[in-house]
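Each value in this text was obtained by applying a stated rule to the coordinates, not by laboratory testing. Everything numeric here is computed off the predicted structure, so don't read it as measured data. All Cβ positions, glycine included, derive from the backbone under ideal geometry; neighbour counts span all protein chains shown.
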Amino acid sequence: MLKINNLHVEIDGKKILNGLTLHVKPGEVAAIMGPNGSGKSTLSYVVAGKEDYTVTDGEILLDGVNILEMEPNERAAAGLFLAFQYPLEIPGVATMTFLKAAMNAQRKSRGEGELSPGDFMKAVREAAKALGIDPDMLKRPLNVGFSGGEKKRMEILQMALLRPKMAILDETDSGLDIDALRIVAEGVNAQRDPRHGFLVITHYQRLLDHIVPDTVHVMAKGRIVKSGGPEIALELEKHGYAEYVGEAA
């Protein structure tokens, strides 16, 4: 589903990713763990198409298509989704207006008609209820005045409504208390199936207690230095990253 091959990336002349290779299969939940500065968030931004990063070598394939040639909106239409570590507040843009525009843009890209108002409201209300989102949140501008946990729930609500082929969660657990973490994780787990893939970026084992990954990849100095099963996360929790930082040097 998602194949990243020999990816080299720099910003302002500084190299961030150094020949990173990572494959995520359909139905797989892959986790990336690593110390600060290892390039985890850079990877998510480059896959999503954020400006300012220069890809000097390598490819990123989604279902066999090199998405490096696509604009961010085209990548989203192709089935890519990024949940941000720090979701932005967008004053003046009503949450429901944003959700409706996003859903209908995706439907248009698939050659489908727009949702009727009734079907749209039903889909949003059902997804919001499952994530414990207060209906009053849906009446406010997008993320404006939301707590950290509310912003993360709103990201997962968007994911639940858009049903992307490949979802990347960039440190979604950052700033969440245990109750919010559990609700967000349940939202992710509800979407696990053989047709969808997830790439979960995190520092901590605690998120992986709730979203149990199929594979765990350790990232250091811009590349993957070890891959294996969920037991790797437990090892990192006990011993830290010192061993892997040395290997990447």
The chain - share of DSSP beta bridges that are antiparallel (%, nearest 5): 55 percent
Relative contact order of the chain, defined on C-alpha pairs under 8 angstrom at six or more residues apart (%): 29 percent
Calculated FRET efficiency for the pair ARG182/ASN5, C-beta based, R₀ 41 Å, to 0.05: 0.70
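Taking 0.36 nm per residue of sequence separation and subtracting the Cα-Cα distance, how much length would be gained by fully extending the chain between LYS25 and LEU88, in nm to one decimal?
19.7 nm
Quick one: which of 170-179, 232-241 comes out on top by average Cβ neighbours within 10 Å, and what's the full order, highest first? Walk me through the numbers on the way to the answer.
Working: 170-179: 17.4, 232-241: 15.4.
Packing proxy ranking, top to bottom: 170-179, 232-241.
Using mean Cβ contacts within 10 Å as the protection proxy, how do 109-120, 133-144, 14-25 order, highest first? Write down the numbers at each step before the final one.
Values: 109-120: 10.8, 133-144: 15.1, 14-25: 17.3.
Sorting 109-120, 133-144, 14-25 by mean packing, highest first, produces 14-25, 133-144, 109-120.
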Approximate spin-label separation GLU112-ASP214, in nm, with each point projected 7 Å along Cα-to-Cβ: 2.3 nm
In Å, descending, principal axis extents of the Cα set of the chain: 55, 39, 35
Burial order of peptide ranges 218-225, 200-207, 87-94 (average beta-carbon count within 10 Å, highest first): 218-225, 200-207, 87-94
